[in-house]
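Everything below concerns the one structure shown next.
Only the coordinates and a few stated rules stand behind these numbers; no lab work does. Source: prediction; values computed, not measured. Cβ coordinates were reconstructed from backbone atoms using ideal geometry, including for glycine residues, and neighbour counts include every protein chain displayed.
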Amino acid sequence: MVTPGQYTDNFLHTVYPDPGTIGDLATRDHVGMMLLTHDKALGKITSYPFKLQGGQGHAARRVDSQFITTQGSGNQAGGGGRAVVGEWLVTNGDYTGTVTIRDKDAEEGDASNEASYLRNVVMETDMLIEEFGEIFETYLMGDSSTTASTRLSKSLGRALQAGVAAGGVMTLDTPEEAHNFQIGMACVAVDETLPNDLLGNSTTGVGWVMAVDTELGTVTFSLTQGGAATMPTAWDGAANAVQVFRYGDFQGTGTNATGSQIGVYIVDGFQDWITSTSTPGTKFNVNRNVDSRLTGVRLSTLKSVGSIENRILQLGTEIQITSGNKGPLKCVINSRQWTKLVGELKSRGVTPHQSTVKGATTTFGYSAIYVDLPQGRCEVIPSPHLRATVCLMLNLKSWHFCATKGMFPRVMNGDGLRLLRKAASDDYEFRTTCYAHLACQYPSWNGRATLAAV
């Protein structure tokens, strides 16, 4: 006889096969996740070799080239005339998701009761997997800053004022960042001038989202899940602007008293590799300060002028000057900047290739925008997750998004079961996990520009 737990497990096996439906749910509608090729991570650390320094044993006369080859130990620029190969040593991050299924629900949800129970389980599980993709997309497109006044790495939003506000309502400096918050989400926060130290403890420093207004850019918090609107005491007492993180996703290295919230590593984003400065320090075993090309290409402030179109063209040129015709490229800008670019093109008389007029019906706008560069045709893609003042130009051949077993995410089913019995109760859990990393083997094939605010 098939038990309720076995029936539910068999049902979940059918609905969520590996690697099909799960990966599709997490990836769809997410620009970064759809652009990247998903590969299999090999071991705890993956090595990506790259040319750190070209061979220097050259000169017009043999005696001079020999002089160069006899200098140094061969492991520095020009040493021994050898080309120096560097290695990005990239570790996998961690991420997990959990849906709890009550034992009573499993007992009540048999084959004859599928409509009343199992469809609810599927919807809840779908939402968990879709949110998995939403979280990773937010982090892939997010800022990589470690300084105040800019959204910190993995931060969901930033409150302008010192402290926060009475009544549990936080007003974000960028209203669109309210989209990063969901009802029921647990959050922690930092004073942005002390970005490694969480505010408060498990009583005073954890806020539960109870309301979100994406138009006003406000998020309302409670000290307890489902409680009254009250800003966490430690947040409200902060001396400077506050930045908020999803509970469990804080990557700081300082001190805190809110549980195991220090030292986790999830995944890097595009801007962790293509940085806003040419000297961001050491990353994955490589000192990137010795060569600005190890941090991508930046369009200088002097050249970051004029229309969006002009800045995209200038950035493509800078990348071509730095790394040659290594195309094709993909250009990603904020969705509002994409709409602004449509207006700029129309104002100059640039019209779509086809215009349809049938009776009283017409079409307007663009379904796609392309720019022709020396590297080839580059598509301009809108993303709501990218900060409005950032333009990224990516060569997808230089990027690697890898996860263990090649699946993003995957179901924990080491014993062959989708359902796992909780240790401290009779309930079941449906668990997802992802050990993944994003690596850029050749940062100089990619670039970024600053756009005017919209």
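Local charge for ASN334 was computed over the other residues whose Cβ lies under 10 Å away, with Lys and Arg +1 and Asp and Glu -1, and equals +2.
Give the calculated FRET efficiency between ASP213 and SER65 to the nearest 0.05, with a Förster radius of 60 Å applied to their Cβ-Cβ distance.
The formula returns an efficiency of 0.30 here.
Extension gain for the segment ASN287 to LYS397, taken as residue separation times 0.36 nm less the Cα-Cα distance, is 37.3 nm to one decimal. The Cβ shell under 14 Å around ILE381 holds other residues with a net charge of 0, Lys and Arg each +1, Asp and Glu each -1.
Assuming R0 = 51 Å, can you tell me the calculated FRET efficiency for the pair ARG348 and LYS44, based on Cβ-Cβ distance, to the nearest 0.05? Computed FRET efficiency for ARG348 and LYS44 comes out at 0.45. Relative contact order of the stretch 157-246: 41 percent, from C-alpha pairs under 8 Å at least 6 residues apart in sequence.
Paramagnetic label reach from THR277 (point 7 Å along Cα→Cβ; backbone nitrogen cut-off under 16 Å): within the stretch 181-200, residues 193-196.
Relative to the present Cα-Cα distance, how much length would full extension add between ASN201 and LYS405 at 0.36 nm per residue of separation?
Going from the current span to full extension adds 69.8 nm.
Between SER300 and MET34, full extension at 0.36 nm per residue minus the direct alpha carbon distance yields a gain of 92.8 nm.
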